[in-house]
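Encoded as C-alpha cells, the structure appears first; notes follow it.
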Amino acid sequence: MGKVFKLAFAVSTIGLALAAAAQTPNCPARPAPGTVVQDQLSLNSQNGALQLALTLRNAPDIFGFMHFCFNYATAHGNVEAPTLRLNPGDTLNLDITNQLNFVAPNVASPRYPTSGMMSDSMPGMEGAAEPPNTDPCKSQIMNFNTTNVHFHGLNIPPVCHQDDVLNTLIQPGPTPFHYQIQIPANEPPGLYWYHPHPHGFTTLQVNGGAAGAIIINGIEKIKPQVAGLTERVFMIRQQFLNPLSWLPGPNQLSLNFQTAAAPLFQSPVIQMKPGEKQFWRVGNATTQAFLSLQVLFGSTAQAVELISVDGVPVTTNPMVSEIDVPPAGRAEFIVTGPPTGTAATFVTTGFDSGPIGNPNVPQILANVVATTSAVQAARRGCRTYTSTP
C-alpha cells in the first residue's frame with residue numbers, strides 16, 4: 001500500500017512539474033523545473049505612495065491541480081504576485097478584483113475529500129451570488145470564491161479597507177475593492193507579505209500560490225553591512241495534492257513558483273558570482289511547512305549572518321548555520337556564494353512537527369551555482385523601481 005501511494009505521489013508530482021508552464025490564461029505560466037530562479041517583479045513607492053491593482057484568479061493545470069494567482073497587468077502581459085516596496089510612513093493604495101470561479105467537487109475522492117469540511121450549504125455560506133450594492137465590509141457570504149487580503153506582520157488597523165480579515169468578504173464581480181493603508185512611521189524595515197485570509201478558505205488560496213512579498217525599506221540604516229549587496233527575495237510556497245484538505249498528505253515545496261522536489265526532477269538554480277556576498281530575504285509563504293534552512297557547500301553547513309526575523313532586525317550580528325522558519329515566518333540573512341566548481345545547495349533539513357503534522361522532510365530548495373556570468377535578476381543597493389506597468 002505504501003509503495004503504491006509513493007509511486008502515485010511521484011507520478012502526480014512529476015506530472016505537476018511538467019504541467020507548470022501549461023496554465024490556462026487565467027494564471028501566468030510558472031517557471032519550468034531546473035531553470036534559474038528569478039525574483040518577482042518589484043514595485044516601489046514614489047512620492048510617499050504606491051498604487052496598484054491586482055486581480056485574483058484561479059485555474060487548473062492540465063492535471064487538474066488548482067492554482068490561485070494575484071495577477072498584475074503589465075504591457076507584456078500578466079505578472080504574478082509582485083513584490084511591494086514601501087517606506088515607513090508611505091501609503092499603499094491597492095485595488096483587488098475578485099474573479100475566482102472555483103467549483104468544489106460534490107463527490108468525495110482522494111484528491112477532493114469532503115468529509116469534515118465546510119460546505120456551501122452551511123449557514124452563511126450559501127454560495128449565492130452577491131446581491132447588488134452589498135458592501136463587502138458587511139457581507140455575510142463566505143464560500144470557496146470569497147476572498148480578502150491580509151498584510152501579514154504590518155501594524156495596520158483591523159478595520160475594513162485596511163487589515164480586517166473577519167468581516168471584510170469580497171465576492172466575485174467586476175468592481176475592484178479598494179484597500180488604503182498607511183505604513184506606520186515607526187514600522188521596522190524588513191520582509192512582510194500579503195495573502196488572502198477568508199477564514200475557512202485561506203489554506204486553499206494560499207496553497208494555490210496567492211501570496212506576495214512586502215518590503216519596508218531602510219534595513220541598511222540599521223544593518224549597514226547589507227548596503228550595496230545584491231538582494232534576492234525568495235518566497236517558499238507549498239502545494240498539496242489534496243487542495244481542499246489541511247490534513248497531512250502529499251505536498252511539494254516551490255521557490256519563487258518553481259517546483260522544488262528533487263530527486264523527482266531538476267532543482268531550481270540560484271546563480272551567484274564566486275565568493276559573492278548576497279542579502280537573501282526568505283519568506284515561508286506556506287500554511288503548514290516548517291523549514292530548517294541551511295546553505296551547504298558539499299555536505300558542510302555554511303555560516304550565514306542573520307539580519308532580521310519576521311520583519312524585525314536582530315539586535316546583534318549572529319553567525320548561524322541553520323535558521324528555523326515556521327509557516328508565515330520570514331528570515332533575512334547574508335550569504336556568501338561558493339567558490340567556482342564547488343557543489344552548493346540551499347536546503348531545508350527537515351522538521352518534526354509531531355504525529356499529526358505533515359512530514360517536513362529534508363528537501364533541496366535550489367542548487368547554488370557559482371559563475372562569473374551569474375544572472376543578476378535582483379535588486380542591488382537602493383535601486384528604485386516604479387509601479388508603472
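So the values come out like this:
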| read-out | value |
| --- | --- |
| Filtered residue count, region 258-309, keeping only those that are within 21 Å of Gly228 (Cβ to Cβ) and either β-branched (Val, Ile, Thr) or at pLDDT below 95 (or both) | 5 |
| Among residues of region 35-93, those that are over 19 Å from Ile236 (Cα atoms) and among the charged types (D, E, K, R), counted | 3 |
| Every pair of residues 6+ apart whose Cβ atoms lie under 7 Å, when the first sits in region 167-179 and is loosely packed, with under 15 Cβ neighbours inside 10 Å while the second is assigned to a loop (DSSP other than H, G, I, E, B) and among the hydrophobic types (A, V, I, L, M, F, W, C) | Asn167/Cys160 |
| So Gln266, is it assigned to a loop (DSSP other than H, G, I, E, B) and outside the structural domain of His150 (by TED's automatic domain parsing) | yes |
| Residue that is out of contact with any strand residue (DSSP E or B) (no Cβ under 8 Å at 6 or more places or on another chain) and either surrounded by 13 or more Cβ atoms within 10 Å (Cβ to Cβ) or within 22 Å of Thr203 (Cα to Cα) (or both), where the choices are Val368, Val335, Val282, Val361 | Val361 |
| Test for Ser292: is it surrounded by fewer than 20 Cβ atoms within 10 Å (Cβ to Cβ) and either more than 16 Å from Gln238 (Cα to Cα) or touching a Gly at 6+ places or on another chain (Cβ under 9 Å) (or both) | yes |
| Every residue from region 284-327 that is in a strand (DSSP E or B) and over 24 Å from Asp352 (Cβ atoms) | Phe297, Glu305, Ile307, Ser308, Val312, Pro313, Met319 |
| Positions within region 207-227 being over 18 Å from Tyr192 (Cβ atoms) and not small (Gly, Ala, Ser), in sequence order | Asn207, Pro224, Gln225 |
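The values are calculated or read from the model by the stated rules, or taken from the named source; none is laboratory data. These numbers come from a predicted model, not from an experiment. In this analysis, Cβ positions are derived from the backbone assuming ideal geometry, glycine residues included, and neighbour counts consider all displayed protein chains.
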